[in-house]
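The values are calculated or read from the model by the stated rules, or taken from the named source; none is laboratory data. Computed from a prediction, not measured in an experiment: that's the story for all the values here. Every residue, glycine as well, gets a Cβ built from its backbone with ideal geometry; the counts of neighbours run over all protein chains shown.
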Amino acid sequence: MKCPFCGFFEDKVVDSRPSKDGTSIRRRRECLGCNRRFTSYEQIEELHYMVIKKDGRRERFDRGKLMRGLNKAFEKRPVRQIDIEQMVDDVERMLYSNSEREISTYQIGEFVIERIKQLDEIAYVRFASVYRKFKDFQQFYEEIHDILKSQS
């Protein structure tokens with residue numbers, strides 16, 4: 001690390017301790033060139049995952065955006081908020097376990113839609129109508145018909 005006083009590139013760490021919130025490490029250093037002390041902070045690099053939209057655009061994964069969409073689908077349904085949050089946590093875990101830093105909206109959507117179907121069929125149809133862009137009542141009917149067929 002370059003000394004802020006003399007520009008020398010060698011130092012020794014004389015003290016090291018984590019920050020109160022545990023997100024960084026404070027290091028007290030002593031320059032081996034001028035013997036002056038300075039402080040540095042070390043933080044984990046935040047990983048940003050990119051979502052590839054249907055039109056090819058890329059944007060950062062936004063947990064809040066997914067949460068808003070799910071809350072709209074589950075509005076006035078008997079599903080606990082913690083279950084919805086768990087679903088978003090599962091999506092984030094899927095992202096972090098993926099070696100690539102990019103994922104398509106299709107992969108996220110298919111992952112989410114299967115979990116919604118397990119929790120609440122009404123929310124599933126609501127989400128599917130937006131996600132799959134239903135254009136008319138016939139598409140709603142076919143989706144509902146598939147649900148009823150799978151129950152029998």
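Quick notes
- Failed item in (1) farther than 22 Å from V130 by Cβ; (2) β-branched (V, I, T); (3) touching a Leu at 6+ places or on another chain (Cβ under 9 Å), with V14 passing the rest: (3)
- Any hit, the range 5-26, residues being among the aliphatic types (A, V, I, L, M), closer than 29 Å to Y96 by Cα and not assigned by TED's automatic domain parsing to the domain that holds E92: yes
- Test: residue in the range 96-109 that is under 16 Å from the mean Cα position of the chain (by Cα), among the acidic types (D, E) and at negative phi: yes
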